[in-house]
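Next up is a structure, given as structure tokens.
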Amino acid sequence: MFRLMLTTALAVLPLAATAQEITVGAANMAPYLDPGRDHSNVGSQFYYNSFDTLIDRDHTKLEPEWVPALATSWELISPTVMELKLRDGVKFHNGDPMTADDVIFSLNRMMQATFPPYVVRAKDRLANFPEAEKVDENTIRIHANREEPLWETLISLQQVMIIPEAYTKALTGDPDVAEDSDFEAFALAPVGTGPYKIESFQPGEKLVWTRFDDFWGEKAPLERVNVVQISETASRVTALKTGEADIITNIAPDQLSLIDNDPALKTAGSATALFHVMIMNQNHPKLKDPRIRQAMSLAIDRDALNEALWLGKAIVPSTHTMAEMGELHQPDLVTFEYDPERAKELLAEAGYDGFEITYDTAPSYYTNGVLAAQAIMEMWAAVGINGKIVVGDKWTGNSPDLMARNWSNPMYFADPFGSFGVMWAPDGPSQSEGRFNTDEAYAETWDRFRYSTDVAVRKAAYAELMERVKEDPAVLPLYRPFESWGMKTAINWAPMPGHIPYVLDFRAGSITLAGS
Amino acid sequence: MIPYLIRVAVKSVVTLFAIATITFIATRLSGNPIDTFLGDGLTEEGRAELIRYFQLDGSLWQQYLAFMRGAVSGEFGLSFVDRRPVTEVVSDRLWASGQLLLASVAFTLLVAIPLGILGAIYRKSWIGSAVMMVAFAGYAVPSFILAIVMVLVFSYWLNWLPVVGNGSFAHFIMPTIAMSGVLIAALTRFTRNAMLDVLGQDFIRTARAKGLGEARVVLRHGLGNAGVTVISVIGLQVAGLAAAGSVVVESIFSWPGIGQLLVNAALVRDYPVLQFGVITVAVAVVAINALTDVSYALADPRIRLARS
Amino acid sequence: MTTLADPVIAPRRKGSTDFIQKIAIGIAILLFALAVFAPWIVPFGPLDQSLLSRLRPPLGFERFAAGHYAGTDELGRDVLSRSLYGMRLTLTLAFAGALIGLLIGGTLGLVAGLRRGWVEDGIMALVDMQIAIPFTLVALLILSLLGSNLTVLVLVLGIAGWEQYARIVRAEVRRLSALPFIEAAWTAGAGPVYIACRHVLPNLVSPLVVQFTLALSNIVILESTLSFLGLGVQPPQPSLGSMVGLGRDYMPTAPWIVLVPAALIVALTFSVQIMGDWLRDRADVRLRDR
């Protein structure tokens, strides 16, 4: 009996990647798929395979190099108006041809959003664009309120990927009106123009992509991709070993050797364009004195965290900056340091009396998050800070009782505005949650940094913002985590430097299978 | 009998109502879903927009009335997370859990009843002791330990069995065993004791005295009579034990079942899914209990013939 | 009625103690002693990290780090020290939970037994409800909704088994009330509190001790399961279940992080259960002999 069971078991284990079909074991599967509404690290894995933006970039390069996508050319016809020519012969997965109306619909659903989740997303990054307008069947214009230094960057955001108008409106209710319920229905049956169509989607569980034969560009290299959620790290690694998955996502550095030691398997990884950060509440009654928060930062030996938890593969920044930000990358600024002696002095000056400082963290959301929290508590203890970890799934960033917690600042697009700028803008999320204060001077500096068309002015303004953060800290970027993917050796895939974090890019040229 | 049935029905309805109300109160006490899972980086206006969008802006009492009205008419609303009707979200998962439950019950019966009988017949020899040890062990090893040790050995070290999902027969092996551990332990003991009771009774002695073979005595007379109790007890208790085990086992084996769904829904405060999920499980448990009550009653003439 | 939830109906050996029982009781006592004296015997503090010697294997393997006999975990903490401290916390919680259950269940059972009528009906309806509801699931939901801290956890563990005490106490009280000496006490004008303390409680000690021991092992399992799922004891505090849960990610690379606490859980529940069973046998004998 047992032998019989075993043979059956072996027979049904999926064999090695059969021709042009792979299975991905993902740590998380999105609960819905709508590129406009989503900005999570989970969703961003999936959109690029199925949706296109008007302008794309060469993702193999770190420096932005814009390439035509659904728009074949674009030019500024005035400082605040961009005119784009649309590509001919583009089809949506449902067979509809893409028209200028679809493009206007897609852009304006964000720029003039009424559906609450869109409103929320548009406000923090598309606020400068009041509308898009159709000129003729092949031409559209996008208007800006003020002169925009980041035109291409913002027009290539995931949030303004193009979706079909007629299909979406007809999903529920009146087929000629875009109701909220249409957008809700779209998120469960998404349709785009990309090289893979979404064949089936079970929220939070499974996604199946199949090659879209009418794709306007080079056809997809894979016939079929199954993405299944396997939330436990140990299960994902085991699934890769048993052959149930061909690629697995989110492997902590500790597991790398395990996969690399297996001749049939390999790993690929990079330091992700995202900071794990510690945030501190400027308005907590006990933390009002900035010297205490400075000490909390100075006490943390981020290099030691990197060595121990990331095997030295993460990147510890001297300021809130990333190489991806091109001309705005400012590695020479020193905003954050490790100086335990200085931390002790500051605590003494501030009259710290040993009160408990809580540090909140989610149990599994941030790779190594709980480990880092525990190590930080020891580092705090070394300078005399009485720290305590509070683990919970609840987001506490908006609680007046928040003292410190971990968070992440992803690079939503390749500019400091796309990372620090979104999170720490005047009246942005950090301020409206009540843990970060700005004044007129900060707002004025932020405005120069956001809107100046002179790169030198933007850099100088950003440096001023960093100085403010140093004087009255509300955030400490810990490191850029090193994220890895495990896969069979026959698969040729690696994350590319030109993408936002976590994108599973399976387009032509991005993935190949040996022997196919 | 009729008054008894009415009492069972009333008790079931009251229990369900209480569970629905408690679930509602517990969810509302626990903070709102926007701060919990969407709060990350929201502005104040954005927050207000979302509260309206999720229809969390009325008073608690209004929300409760709306929930109860919906529940009575079978309308349980949309999931906060994926905006599908919760009835759909839950029923997708129910079948996966049901399959695992059925597999576990079948496996438990297959293993535990023979073991229990062996334990009763050979109670004085080492076989009996061994059976009791198995029963103790099943109770003492929590299902999560059983599950992860199996994964380590059979999947990770030996590469024999798959660990993710419910795609094939092989996928059922480890989750079924992990779910069944406690059930087997309990049922083995129960069968053994029931058999001991029966084997000690007069008609068995008569059967033996008539010269029937031991095997026939055990199988025909012993098992037949003990079986009634065994099966009603399974009905009463399986639901509870299985519901508990399913959360752990489903999370370890990425089994797309209802246990995992409920815990995730609780963590992200997806009230509609949580409320409907709990009610679904409660209906199942209450129904099984009611059926068990009724079958006991049918077997017990004192209740069957009682007049109120 | 016997239910599956009743742990053990073991072979009755009329108060004798067999070999396996002796071993199990020995193990239980040893484990209790280790837990009680953990602070004085463990070589390292349970929270002491050493980031330079993470994930070192136990004695007898390559890369063994001196002094860490059961290896180190993902933060370089000593697995043995953490496990013993974890067992200490697990047992503390189990005792506290079992006591709370005893208090709630005992009081309600006593009240139900002494006062008939709607009070008794109400309490027994609660008992029925508690039996009907799959409690582990309820505990999971409560903890994930309210967030876990030790107070909530202990309360949940306490509520987990109260109905068993209530049933035992009520049944015993009713049995005793029918006995002549209690009737005599009533007639002599004794109040219910006096009767409860003087006549009923002494007779309840032995069945309650048995139930307490059996509940202990159930609560250890419940606590471990909750902590395994991340809903019980929170890091950095170790409990046996949370060590298994958090160590799971490292199971393929560093199985000792999981296997040591897992083995302790099994040893604990196994031995305590056999001990409870043995106590029950002896209690039955005493009752029978009377």
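The values are calculated or read from the model by the stated rules, or taken from the named source; none is laboratory data. Note that this is a predicted model, so its numbers are computed, not measured. Cβ sites come from the backbone with ideal geometry, for glycine too, and all protein chains shown count toward neighbours.
For region A:349-369, indicate whether the set of residues that are in a helix (DSSP H, G or I), out of contact with any Asp or Glu (no Cβ under 6 Å at 6 or more places or on another chain) and at pLDDT below 90 is non-empty.
Just the residues of region A:349-369 that are in a helix (DSSP H, G or I), to begin with: A:349-350, A:369.
After this cut, where a residue has to be out of contact with any Asp or Glu (no Cβ under 6 Å at 6 or more places or on another chain) as well, the list is A:349, A:369.
Then drop every residue that is not at pLDDT below 90, which leaves A:369.
Looking through region A:349-369, at least one residue is in a helix (DSSP H, G or I), out of contact with any Asp or Glu (no Cβ under 6 Å at 6 or more places or on another chain) and at pLDDT below 90.
Does B:Asn193 count as under 28 Å from the mean Cα position of the chain (by Cα) and either closer than 29 Å to C:Phe19 by Cα or in the same structural domain as B:Gly245 (by TED's automatic domain parsing) (or both)?
Details: under 28 Å from the mean Cα position of the chain (by Cα): yes; either closer than 29 Å to C:Phe19 by Cα or in the same structural domain as B:Gly245 (by TED's automatic domain parsing) (or both): yes.
When the stated conditions are applied, B:Asn193 passes them.
Which one of these is within 14 Å of chain C (Cβ to nearest Cβ), surrounded by 23 or more Cβ atoms within 10 Å (Cβ to Cβ) and touching a residue at least 24 places away in the same chain (Cβ under 8 Å): A:Leu256, A:Leu265, A:Leu309, A:Leu298? Full working, then the answer.
Numbers: A:Leu256 fails: surrounded by 23 or more Cβ atoms within 10 Å (Cβ to Cβ); A:Leu265 fails: surrounded by 23 or more Cβ atoms within 10 Å (Cβ to Cβ); A:Leu298 fails: within 14 Å of chain C (Cβ to nearest Cβ).
It is A:Leu309.
Could you list all residues from region B:111-146 that are more than 10 Å from chain C (Cβ to nearest Cβ) and in contact (Cβ under 8 Å) with a residue 12 or more places away in the chain? Before the answer, list the steps.
Looking only at region B:111-146, we keep the residues that are more than 10 Å from chain C (Cβ to nearest Cβ), and these are B:111-118, B:120-122, B:125-127, B:130-131, B:134, B:138.
Residues satisfying the conditions are B:Val111, B:Ala112, B:Ile113, B:Leu115, B:Gly116, B:Ile117, B:Leu118, B:Ala120, B:Ile121, B:Val131, B:Val134, B:Gly138.
Just checking, how many residues over region A:277-307 are more than 19 Å from A:Met379 (Cα to Cα) and in contact with a Ser or Thr (Cβ under 9 Å, 6 or more places away or on another chain)?
Qualifying residue count, region A:277-307: 1.
Of the conditions (1) free of Cβ contacts under 8 Å to residues at least 60 places away in the same chain; (2) in contact with a Phe, Trp or Tyr (Cβ under 9 Å, 6 or more places away or on another chain), A:Val475 satisfies every one except a single condition; which number is it?
(1)
Go through region A:104-117 and count every residue that is assigned to a helix (DSSP H, G or I) and at the interface with chain B (Cβ under 10 Å from one of its Cβ atoms). Spell out the reasoning first.
Taking region A:104-117 first, the residues assigned to a helix (DSSP H, G or I) are A:104-111, A:116-117.
Subset that is at the interface with chain B (Cβ under 10 Å from one of its Cβ atoms): A:116-117.
Residues that pass the stated criteria total 2.
Still on this model: Please tell me if A:Lys123 is in a helix (DSSP H, G or I), basic (Lys, Arg) and more than 19 Å from A:Phe51 (Cβ to Cβ). Let's see the steps before the verdict.
On the way: in a helix (DSSP H, G or I): yes; basic (Lys, Arg): yes; more than 19 Å from A:Phe51 (Cβ to Cβ): yes.
Against the criterion (in a helix (DSSP H, G or I), basic (Lys, Arg) and more than 19 Å from A:Phe51 (Cβ to Cβ)), A:Lys123 qualifies.
So A:Asp101 clears everything in (1) within 27 Å of A:Glu218 (Cβ to Cβ); (2) at pLDDT 95 or above; (3) not in a helix (DSSP H, G or I) except one condition, right? Which one?
Against the list (1) within 27 Å of A:Glu218 (Cβ to Cβ); (2) at pLDDT 95 or above; (3) not in a helix (DSSP H, G or I), A:Asp101 comes up short only on (3).
Table: residues versus (1) buried (at least 16 other Cβ atoms within 10 Å of the Cβ); (2) away from every other protein chain (no Cβ under 14 Å); (3) free of Cβ contacts under 8 Å to residues at least 60 places away in the same chain.
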| site | (1), (2), (3) |
| --- | --- |
| C:Ile133 | yes, no, yes |
| C:Leu140 | yes, no, no |
| C:Leu145 | yes, no, yes |
| C:Trp162 | yes, yes, no |
| C:Arg175 | no, yes, yes |
| C:Val205 | no, yes, yes |
| C:Leu214 | yes, no, no |
| C:Ser217 | yes, no, no |
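Out of (1) surrounded by 22 or more Cβ atoms within 10 Å (Cβ to Cβ); (2) without any contact (Cβ under 8 Å) to a residue 40 or more places away in the chain, what's the single condition that is false for A:Asp102?
(2)
Of everything in region C:85-130, what is out of contact with any Gly (no Cβ under 8 Å at 6 or more places or on another chain), within 13 Å of chain B (Cβ to nearest Cβ) and under 30 Å from C:Ala28 (Cα atoms)? Give them in sequence order.
The one that is out of contact with any Gly (no Cβ under 8 Å at 6 or more places or on another chain), within 13 Å of chain B (Cβ to nearest Cβ) and under 30 Å from C:Ala28 (Cα atoms): C:Gln130.
Continuing with the same structure: I need every pair where a residue in region A:334-346 that is closer than 13 Å to A:Glu471 by Cα has its Cβ under 7 Å from the Cβ of a residue that is among the polar types (S, T, N, Q) and assigned to a loop (DSSP other than H, G, I, E, B), sequence separation at least 6 or different chains.
Between residues of region A:334-346 that are closer than 13 Å to A:Glu471 by Cα and residues that are among the polar types (S, T, N, Q) and assigned to a loop (DSSP other than H, G, I, E, B), the close pairs are A:Val334/A:Ser318; A:Val334/A:Thr319; A:Thr335/A:Ser318; A:Thr335/A:Thr319; A:Phe336/A:Ser318; A:Phe336/A:Thr319.
How many residues, within region A:126-150, are surrounded by 18 or more Cβ atoms within 10 Å (Cβ to Cβ) and in a strand (DSSP E or B)?
3
So which residues in region A:61-98 are of a type in the set (Ser, Thr, Tyr) and in contact (Cβ under 8 Å) with a residue 40 or more places away in the chain, if there are any at all? Write out each step before concluding.
Going residue by residue through region A:61-98, those that are of a type in the set (Ser, Thr, Tyr) are A:72-73, A:78, A:80.
Residue satisfying the conditions is A:Thr80 alone.
Does A:Asp393 satisfy the criteria of being in a loop (DSSP other than H, G, I, E, B) and away from every other protein chain (no Cβ under 11 Å)? Full working, then the answer.
Values: in a loop (DSSP other than H, G, I, E, B): yes; away from every other protein chain (no Cβ under 11 Å): no.
Taking the combined requirement at face value, the residue does not satisfy it.
If you don't mind, another one. Which count do you get for residues in region C:243-264 that are closer than 21 Å to C:Leu34 by Cβ, free of Cβ contacts under 8 Å to residues at least 60 places away in the same chain, crowded, with 23+ Cβ neighbours inside 10 Å and not small (Gly, Ala, Ser)? Even if it seems obvious, please write down each step before you answer.
Filtering region C:243-264 down to residues closer than 21 Å to C:Leu34 by Cβ leaves C:243-244, C:247, C:256-264.
In the following step, the residues that additionally are free of Cβ contacts under 8 Å to residues at least 60 places away in the same chain were identified as C:244, C:258-259, C:262-263.
Okay, now just the ones that are also crowded, with 23+ Cβ neighbours inside 10 Å, so C:244, C:258, C:262.
Those left that are additionally not small (Gly, Ala, Ser): C:244, C:258.
Total meeting the criteria: 2.
Have a look at A:Asp505, A:Asp447 and point out the one that is of a type in the set (Asp, Glu) and part of a helix (DSSP H, G or I). Lay out the reasoning, then the answer.
Working: A:Asp505 fails: part of a helix (DSSP H, G or I).
Only one candidate passes the filter, namely A:Asp447.
Hey, can you tell me all the residues within region A:235-250 that are crowded, with 24+ Cβ neighbours inside 10 Å, in contact with a Ser or Thr (Cβ under 7 Å, 6 or more places away or on another chain) and more than 10 Å from every other protein chain (Cβ to nearest Cβ)?
Scanning region A:235-250 gives a single hit, A:Asp246.
Here's something else I'd like to know. Could we say that A:Ile230 is buried (at least 21 other Cβ atoms within 10 Å of the Cβ), outside the structural domain of A:Ser364 (by the TED database), within 26 Å of A:Leu33 (Cα to Cα) and touching a Leu at 6+ places or on another chain (Cβ under 6 Å) here? Quick ask: steps written out before the conclusion?
Values: buried (at least 21 other Cβ atoms within 10 Å of the Cβ): yes; outside the structural domain of A:Ser364 (by the TED database): yes; within 26 Å of A:Leu33 (Cα to Cα): yes; touching a Leu at 6+ places or on another chain (Cβ under 6 Å): no.
Here the answer is no, as A:Ile230 does not meet what is asked.
So, in region A:223-234, how many residues would count as being within 14 Å of chain C (Cβ to nearest Cβ) and farther than 10 Å from C:Asp249 by Cα? I'd like the intermediate steps shown before the answer.
Of the residues in region A:223-234, the ones within 14 Å of chain C (Cβ to nearest Cβ) are A:230-234.
Filter once more, keeping what is farther than 10 Å from C:Asp249 by Cα: A:230-231.
Summing the residues that are within 14 Å of chain C (Cβ to nearest Cβ) and farther than 10 Å from C:Asp249 by Cα in region A:223-234 gives 2.
Taking A:Tyr442, is it crowded, with 24+ Cβ neighbours inside 10 Å and either touching a residue at least 24 places away in the same chain (Cβ under 8 Å) or part of a loop (DSSP other than H, G, I, E, B) (or both)?
Numbers: crowded, with 24+ Cβ neighbours inside 10 Å: no; either touching a residue at least 24 places away in the same chain (Cβ under 8 Å) or part of a loop (DSSP other than H, G, I, E, B) (or both): yes.
Criteria not met by A:Tyr442.
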